DNA sequence: GCATTATTTGGTTATAATGCCAAATGTAGG
DNA sequence: CCTACATTTGGCATTATAACCAAATAATGC
């Protein structure tokens, strides 16, 4: 694979690599949500949430749609969900290993 | 989902979110590789590569095995590969959108 | 046009990630 | 024990992220 492609890949993955952004992605699986809903959910300043969303939009993970005063965000590639399957597998594997260490 | 779980998830995803680390993971799909092989592949200082590997090990993505002077790393959850399927989908979607903008 | 509301942007500060070099560690062989 | 080799660790400089606040935009209704 082209070396530059790894940079692009990394950018997309990095855009997911933050707890608040994962919370939002998880919420967006249900369907589009406006910034204010996501702000309530995450519990950070709205400006912070807005920047997280801008970053994910730039990476191509979400897209936005303006309706009146509100901006609704949605997942651009719902396959993102399958993404988490493996992350869960790693987490379980980590947990299992810790258990074995304790005995 | 528990709020703390998002932090763990993020940690695992963050451990993948770097071009050099993605190059290594891609190489490890074929099978275990020693640090020197990965260093040649990535082209950074060996100490840098070693730190990338330590970070992925800490996240549970790789495990290591010492054989004489060498340390071999391998993927702990090969499902990581499936991970990239969606990343590719996002990249293609991004590329398509850019095409449409140009016309 | 003006006030109101939802969102974004700019600025600043604090924290984390990255990369290289040099030094330390661990292992094998003579 | 001494040397050689593969890897890791510590230290430091550089750059990138993240969070908040305040101010700027944008859209709506009066």
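Here, each number is a calculation from the coordinates, and none is a lab measurement. Computed from a predicted model, the values in this text were never measured in an experiment. Note: ideal-geometry Cβ built from the backbone for every residue, glycine included; neighbour counts use all protein chains shown.
Chain B's nearest residue to the axis relating it to A, judged by Cβ and reported with the distance in whole Å, is B:17, 2.
Remark: spin-label model distance residue A:92-residue B:37 equals 2.9 nm, labels positioned 7 Å along the Cα→Cβ axis.
Distances, shortest first, from the label point of residue B:7 to those at the same position in the other copies read 3.4 nm; the point lies 7 Å along Cα to C-beta. For the residues of B:78-89, the average number of beta carbons from a partner chain within 10 Å of their own beta carbon is 6.
Cα centroid separation, segment B:1-53 to segment B:76-103: 19 Å. Taking label points 7 Å from Cα along the Cα-to-Cβ direction, residue A:26 and residue A:82 give a separation of 2.2 nm. Report the residues of segment B:62-103 in range of a label on residue A:100: point 7 Å along Cα→C-beta, backbone N strictly under 19 Å from it. Correct set: B:62-67, B:72-80.
Annotation for residue B:71, label-to-label distances across the other copies: 4.4 nm (shortest first, one decimal, point 7 Å from Cα along Cα→Cβ). A label point on residue B:45, set 7 Å along the Cα-to-Cβ line, lies at 3.6 nm from each of its counterparts in the other copies, closest listed first. Apply the a/c threshold of 1.5 to the C-alpha gyration tensor of segment A:50-99 and tell me whether it is rounded, prolate or oblate. It is prolate, given that a/c is not under 1.5 and a/b is the larger ratio. Where the alpha-carbon atoms of the protein assembly as shown are placed on the principal axes, they occupy 66, 49, 25 Å, in descending order. If the Kirkwood radius is taken over C-alpha pairs of chain A, then at 37 °C and 0.692 mPa s the Stokes-Einstein diffusion coefficient equals 217 µm²/s. Based on DSSP H segments of at least four residues, each scored -39500 (n - 2.57), chain A has a per-residue ellipticity at 222 nm of -21000 deg cm²/dmol.
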